[in-house]
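K.L.:
This is the structure I have questions about; it appears just below.
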Amino acid sequence: MIQKPKGTYDVYGEMGRKLRYVEQVFSALMDRYDYEYVATPLFEQSNLFHRSVGDSSDIVRKETYDFKDRGDRMMTLRPEGTAGVVRSYIENKMYGDIDLPKKLWYFGSMFRYERPQAGRYREFRQLGVEVLGSPDPMMDAEIISIPVNLFRLLGLEGVKVRINSLGDQESRNAYREALKDYFRPHLGELCHDCNERFETNPLRILDCKVDGNTELMKNAPKMEDYLNEESKKHFEKVKEYLDALNIVYEVNPNLVRGLDYYTHTVFEVEASVEGFGSQNVLCGGGRYDLLVETLDGPHTPAVGFALGIERLLTALDYEELQVGEEKELDIYVIPLSDEDKGYAIGLSQALRLSGFSVDVDSLNRSMKSNFKQADRKHSRFVMIIGESERENNLLTIKDNHTKQEYKVTIDEIIDFLDEHMDSCDCDDCHDREGE
């Protein structure tokens, strides 16, 4: 038997309902923020990610799925969403639009070759947001507010925000040299990865999962001491706007994020999830004012974030929050014989085009089995099609809520359904109306 690749999973059933529900909630939230949807290819030229994510990041050094196509070109399955969106922004000359900044959101699969574990896969799905064309710290705060509000809408509690500033290029360069001076005498105390990061990107040493809690790390120079006045002003304005949004946050001087392209604000958002472990981070992001230029575009300040769907769904499961409830069917159609199926499917087509959800029995079930199937599908109405119904154009309809049965002409069926769909006299509905 052929099995799915290691580190991947199939989406169906309850998982499919949950995934679609989260995407729908996020899509609706993006409409409120006036963001537009963007989709980029699942694979891109490899140098896109090497230039944007950075050769010093673990993603490029260890985790990308790289391959040569038949034209002998190096391609990479996208490991993250920002680089592709920026490439699209440049290639499609979105920077020339009158409608700036470009406020974009995406949803899709990403690929990283890493050790599979709980909530971590080689193919995983991300929601992400990018705003290109605004240097205003107000946009940093708006970006942070989006996942905070998403988590609240989904019912997660204890949402917390951690922020830091990496400053502009001048500040970052000064801090980089300070870190190198500090860590140089202690390279023997650092792990192998940190010794490599010392040369390529010493800020990443602060993000080390091996040495992160040592005294050496705790006593390392702090970024805030190397911010120039412009960077300090930007960060203070971000905090002011977060206060205006009533978003609680804490400044974490060791927060650097894992990608090389960040400048100024970086952030993570977590939720207090019972039993979720010490690492409750559900999403992260920040500002990347130099990335568009790095990829040969015009100077374009930008900010964004991404969150992994799998980790979010795991958090919702731990909190026992109900998402993606089973859908209800409007009409379940039962043709009594093969001769009735053509009439049944034609009627179903007309009903679907009129806005109703419809399913038709195609397995020639018994009447008893069909009514059980209608119950499993939570169908509001059951419609029976037999020889009499075909010849007289008079449909037999049963309301599964009230258990009443009706005879309705084919010409009146749409009006009948419109009238009865939102009205019900059963006890359950009366109870719901009184809540």
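K.L.:
For n ≥ 4 DSSP H runs only, could you compute -39500 (n - 2.57) per run for the chain, divide by its residues and tell me the 222 nm figure to the nearest 500? Can you show the working numbers first?
P.N.:
Working: 15 runs with 163 residues, N = 435.
That comes out to -11500 deg cm²/dmol.
K.L.:
Still on this structure: For F276, F381, write out the residues from largest to smallest accessible area, computed with a 1.4 angstrom probe and no ligands counted. Walk me through the numbers before you get to the answer.
P.N.:
Values: F276 25, F381 0 Å².
Ranked list, largest accessible area first: F276, F381.
K.L.:
For Cα pairs less than 8 Å apart in space and 6+ apart in sequence, what is the mean separation divided by the residue count of the chain, i.e. the relative contact order in percent?
P.N.:
Working: 698 pairs, mean separation 67.6, N = 435.
Answer for the chain is 16 percent.
K.L.:
How about K218: which aspartates and glutamates have a C-alpha closer than 12 Å to its C-alpha, ignoring those fewer than 8 places off in the same chain?
P.N.:
The qualifying aspartates and glutamates are D207.
K.L.:
Subtracting the Cα-Cα distance from 0.36 nm times the residue separation, let me have the gained length for L187 to D243 in nm, one decimal. Don't jump to the answer; show the numbers that get you there.
P.N.:
Numbers: separation 56, 0.36 × 56 = 20.16 nm, distance 4.03 nm.
Between L187 and D243, full extension yields 16.1 nm more.
K.L.:
Continuing with the same structure: Across 10 Å bins from 0, what is the distribution of all Cα-Cα pair distances for the stretch 266-381, in whole percents?
P.N.:
11, 23, 14, 16, 19, 13, 4
K.L.:
Would any residue of the stretch 380-413 have its amide N under 16 Å from a label point 7 Å out along Cα→Cβ of S354? List them or say none.
P.N.:
380-385, 390, 393-399, 406-413
K.L.:
Any chance you could run the full-extension gain for M74 through L321? It's 0.36 nm times the residue separation minus the Cα-Cα distance, nm to one decimal. Don't jump to the answer; show the numbers that get you there.
P.N.:
Values: separation 247, 0.36 × 247 = 88.92 nm, distance 4.34 nm.
Once the chain is fully extended between M74 and L321, it gains 84.6 nm.
K.L.:
If you don't mind, another one. Given the whole protein assembly as supplied and a 1.4 Å probe, what does the accessible area of M94 come to in Å², nearest 10?
P.N.:
M94 has an accessible surface of roughly 30 Å² with all protein chains in place.
K.L.:
Something else now. Heads up, I need the accessible area for Y37: 1.4 angstrom probe, whole protein in place, Å², nearest 10.
P.N.:
The accessible area of Y37 comes to roughly 120 Å².
K.L.:
Excluding same-chain residues fewer than 8 positions from K68, which aspartates and glutamates have a Cα within less than 16 Å of its Cα?
P.N.:
Those aspartates and glutamates meeting the cut-off are E44.
K.L.:
Using a Förster radius of 51 Å, what is the FRET efficiency between R176 and D31 based on their Cβ-Cβ separation? Nearest 0.05, please.
P.N.:
Working: r = 41 Å, r/R0 = 0.80.
That pair, R176 with D31, gives E of 0.80.
K.L.:
Provide the gained length on full extension for the span D375 to N149, in nm with one decimal, where the gain is 0.36 nm per separating residue minus the Cα-Cα distance. Walk me through the numbers before you get to the answer.
P.N.:
Numbers: separation 226, 0.36 × 226 = 81.36 nm, distance 3.60 nm.
Answer, rounded to one decimal: 77.8 nm.
K.L.:
Write down the accessible area per residue of the stretch 58-111 in Å², having rolled a 1.4 Å probe over the full set of protein chains.
P.N.:
Roughly 49 Å² per residue, with all protein chains present.
K.L.:
Mind giving me the FRET efficiency for V281 and D411? R0 is 56 Å, r the Cβ-Cβ distance, nearest 0.05 is fine. Show your work: numbers first, answer last.
P.N.:
Numbers: r = 59 Å, r/R0 = 1.06.
Here the calculated transfer efficiency is 0.40.
K.L.:
Determine the order of F67, F111, F198 by accessible area, beginning with the largest, at a probe radius of 1.4 Å.
P.N.:
Values: F67 75, F111 30, F198 10 Å².
Descending accessible area places them as F67, F111, F198.
K.L.:
Over the stretch 109-268, calculate the relative contact order: mean separation of alpha carbon pairs under 8 Å at least 6 apart, over the residue count, as a percent. Could the numbers behind the result be given before it?
P.N.:
Numbers: 176 pairs, mean separation 55.8, N = 160.
Contact order relative to length: 35 percent.
K.L.:
Continuing with this model, one more query. Let's test the formula: R0 of 51 Å, r as the Cβ-Cβ distance of E387 and D66. What FRET efficiency results, to the nearest 0.05? Show your work: numbers first, answer last.
P.N.:
Working: r = 64 Å, r/R0 = 1.25.
After rounding, the FRET efficiency stands at 0.20.
K.L.:
Please give me the summed charge of the neighbours of K341: other residues whose Cβ is under 12 Å from its Cβ, Lys and Arg +1, Asp and Glu -1. Could the numbers behind the result be given before it?
P.N.:
Working: positive: R390; negative: D338, E339, D340, D361.
Taking every Cβ under 12 Å from that of K341, the sum is -3.
K.L.:
Follow-up question, since we're still on this one. Can you give me the solvent accessible area of E215 with a 1.4 Å probe, rounded to the nearest 10 Å²?
P.N.:
110
K.L.:
Can you sort R204, R184 by solvent-accessible area, 1.4 Å probe, largest first?
P.N.:
Numbers: R204 15, R184 115 Å².
Most to least solvent-accessible, the answer reads R184, R204.
K.L.:
Between the stretch 20-43 and the stretch 133-153, how far is it from one alpha carbon centroid to the other, in angstrom?
P.N.:
So the separation of the two Cα centres works out to 15 Å.
K.L.:
Now, a different point. Consider all pairwise Cα distances in the stretch 134-235 and report the whole-number % of them above 24 Å. Numbers along the way, then the final one.
P.N.:
Working: 2084 of 5151 pairs.
Considering the stretch 134-235, 40 percent of its Cα-Cα pairs are separated by more than 24 Å.
K.L.:
Can I ask one more? If you average 1/r over all unlike Cα pairs in the chain and invert the result, what Kirkwood radius do you get in angstrom?
P.N.:
Hydrodynamic radius (Kirkwood, Cα only) of the chain equals 25.4 Å.
The values are calculated or read from the model by the stated rules, or taken from the named source; none is laboratory data. Not measured: the values here are computed from a predicted model. In this analysis, Cβ positions are derived from the backbone assuming ideal geometry, glycine residues included, and neighbour counts consider all displayed protein chains. All accessible areas refer to the heavy atoms of the entire protein, side chains included, with ligands and DNA or RNA removed. Shrake-Rupley method; radii C 1.70, N 1.55, O 1.52, S 1.80 Å.
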